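J.: Pasting in a structure now, in structure tokens, and then I'll have a few things to ask.
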Amino acid sequence: MMHTPALIDPFARAITYLRVSVTDRCDFRCLYCMSENMTFLPKADLLTLEELDRLCSAFIGMGVEKLRITGGEPLVRKGIMTFFDAMSRHLASGALKELTLTTNGSQLGKFAADLAACGVRRVNVSLDTLDAKKFADITRWGRLSQVLDGIAAAQAAGMRVKINAVALKGFNEDEQFSLTDWCAREGHDLTWIEVMPMGDLGNENRLDQYWSLRALRARYAERYTLTDLTERSGGPARYVRLEQTGQKIGFITPLTHNFCESCNRVRLTCTGALYMCLGQEDMADLRAPLRASPDNSQLETAIRAAMAHKPKGHDFDYSRKAVTGQMTRHMSHTGG
Ligand code: SAM
Ligand code: SF4
């Protein structure tokens, strides 16, 4: 593939990481993510798998080296393995360094072997609790055993599993150490995510569920010696090592500004909207230039123009107990 010059934003950050939401649909209804009765996008608005291929390939041609597939639940999109299979050609060519996904794990039992065959080496599985009843409560529609089987299938297929747990006050505070110990036994990395003010906040106040990762970290420090790790992913994660077990624990605090200066990523929705920042509404429509012509020149121009709008940082602010900079779109739309 011909490489056009790398994507650089106005703050001299090279954009090498693309997260792609391939569907807004999901087989779960996690309380902090969706409402029970979601209205999903009309199917005609979605990019086809061929269009997703064209778009991702254009980004890869412009220097994107890491692709993370997300959703909604990416593995409920019909025919999604065709797309993973198509992306594997960029791994084979060396243009793409990593192809990964974030999933709720429910379909991994079915797809883990195929994903591994497409070159997926790591998978992030979202799992907030190991209690079957609590799991059913938080996901509304999920079954814990199915997800645990999915995780086992991913491991059996040779993939590394990282567990992502949303830290929720009064919900999984009591599982901080049991979840940590389980991850240690199973050989999974663990990352905690601070709950974000996404979605409709009209009738639910997410501040009630807010459990600061600073508090969570302090509780680790009472039990373990923590060493800050310098490795950064270019995203909002920070890592520590628990010296007594050697485990690596991540903390994603999207509400702080401590990662914006190293931000290397943009997000594409399943309708072809490109968000330059998780915390801002500004987006560029890539579907129109994609559909306007079978050649990519308009699309590439639109992608470059969008980069010029990447903001320096986001607007979330939990200070003064009032949530400002709230987002009206759901995480399932931009893919988290
Ligand atoms: N369905 C897949 C899954 O659950 O992993 C991928 C999409 S989901 C939107 C991506 C991540 O966003 C998950 O780890 C989920 O826990 C997280 N998430 C959803 N809503 C959130 C919120 N309000 N605050 C913080 N994280 C959230
Ligand atoms: Fe579905 Fe993931 Fe949202 Fe849960 S967090 S409802 S699994 S998209």
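J.: Assuming C30 fulfils every condition listed in (1) modelled with pLDDT of 95 or more; (2) in contact with a Ser or Thr (Cβ under 6 Å, 6 or more places away or on another chain); (3) not small (G, A, S) apart from one, which condition is it?
T.: Every condition holds for C30 apart from (1).
J.: Need the failing condition index for A58 against (1) within 16 Å of ligand 1 (Cβ to nearest atom); (2) within 22 Å of G234 (Cα to Cα), just the number.
T.: If we test A58 against (1) within 16 Å of ligand 1 (Cβ to nearest atom); (2) within 22 Å of G234 (Cα to Cα), just (1) comes out false.
J.: Still on this structure, I have one more. Specify the residue that is farthest from L99 (Cα to Cα); the eligible residues are those in segment 150-170 that are of a type in the set (K, R) and more than 16 Å from ligand 2 (Cβ to nearest atom).
T.: K169
J.: Could I ask something else about it? With respect to D174, is the statement that it is touching a helix residue (DSSP H, G or I) at 6+ places or on another chain (Cβ under 7 Å), more than 16 Å from ligand 2 (Cβ to nearest atom), free of Cβ contacts under 8 Å to residues at least 40 places away in the same chain and outside any loop (DSSP other than H, G, I, E, B) true?
T.: When the stated conditions are applied, D174 does not pass them.
J.: Give me the residue from segment 131-161 that is touching a helix residue (DSSP H, G or I) at 6+ places or on another chain (Cβ under 9 Å), in contact (Cβ under 8 Å) with a residue 40 or more places away in the chain and not in a helix (DSSP H, G or I) and, out of that set, nearest to ligand 1 (Cβ to nearest atom).
T.: Selected residue: G142.
J.: Does T102 count as at pLDDT 95 or above, of a type outside the set (G, A, S), buried (at least 17 other Cβ atoms within 10 Å of the Cβ) and on the phi < 0 side of the Ramachandran plot?
T.: It is true that T102 is at pLDDT 95 or above, of a type outside the set (G, A, S), buried (at least 17 other Cβ atoms within 10 Å of the Cβ) and on the phi < 0 side of the Ramachandran plot.
J.: Please indicate, with yes or no, whether at least one residue in segment 189-199 is free of Cβ contacts under 8 Å to residues at least 40 places away in the same chain, surrounded by 14 or more Cβ atoms within 10 Å (Cβ to Cβ), within 16 Å of ligand 2 (Cβ to nearest atom) and farther than 25 Å from R223 by Cβ.
T.: No, segment 189-199 has no match at all.
J.: While we're on this one: Scan segment 259-291 residue by residue and report those that are assigned to a helix (DSSP H, G or I) and touching a helix residue (DSSP H, G or I) at 6+ places or on another chain (Cβ under 9 Å).
T.: The answer is R287, A288, P289, L290, R291.
J.: What are the residues in segment 219-274 that are closer than 30 Å to M62 by Cα and either more than 23 Å from the chain's Cα centre (by Cα) or basic (K, R) (or both), if any?
T.: Result: R232, R238, R265, R267.
J.: Output the residues belonging to segment 62-78 that are of a type in the set (A, V, I, L, M), within 14 Å of ligand 1 (Cβ to nearest atom) and in contact with a Phe, Trp or Tyr (Cβ under 8 Å, 6 or more places away or on another chain).
T.: Hits for segment 62-78 are I69, L75.
J.: For the subset of segment 116-141 comprising residues that are farther than 14 Å from T70 by Cα and within 18 Å of the chain's Cα centre (by Cα), which member is nearest to ligand 2 (Cβ to nearest atom)?
T.: Once the filter is applied, the top-ranked residue is T139.
J.: While we're on this one: For A184, indicate whether it is within 13 Å of ligand 1 (Cβ to nearest atom) and within 26 Å of P254 (Cα to Cα).
T.: no
J.: Another question, if that's okay. Considering only segment 263-299, how many residues are farther than 17 Å from V20 by Cα and touching a residue at least 40 places away in the same chain (Cβ under 8 Å)?
T.: Residues flagged as farther than 17 Å from V20 by Cα and touching a residue at least 40 places away in the same chain (Cβ under 8 Å) within segment 263-299 amount to 2.
J.: Of the residues in segment 45-66, how many are over 22 Å from Q298 (Cα atoms) and either assigned to a helix (DSSP H, G or I) or among the aliphatic types (A, V, I, L, M) (or both)?
T.: Total meeting the criteria: 0.
J.: Kindly indicate whether any position in segment 89-106 is farther than 27 Å from S212 by Cα and within 16 Å of ligand 2 (Cβ to nearest atom).
T.: So far as segment 89-106 goes, yes, one or more of its residues are farther than 27 Å from S212 by Cα and within 16 Å of ligand 2 (Cβ to nearest atom).
J.: One residue is enough: does segment 18-35 have a residue meeting the conditions within 16 Å of ligand 2 (Cβ to nearest atom), in a loop (DSSP other than H, G, I, E, B), of a type outside the set (F, W, Y) and surrounded by fewer than 15 Cβ atoms within 10 Å (Cβ to Cβ)?
T.: yes
The values are calculated or read from the model by the stated rules, or taken from the named source; none is laboratory data. None of these values were measured; they are calculated from a predicted model. Virtual Cβ from ideal backbone geometry, glycine too; neighbours counted across all protein chains shown.
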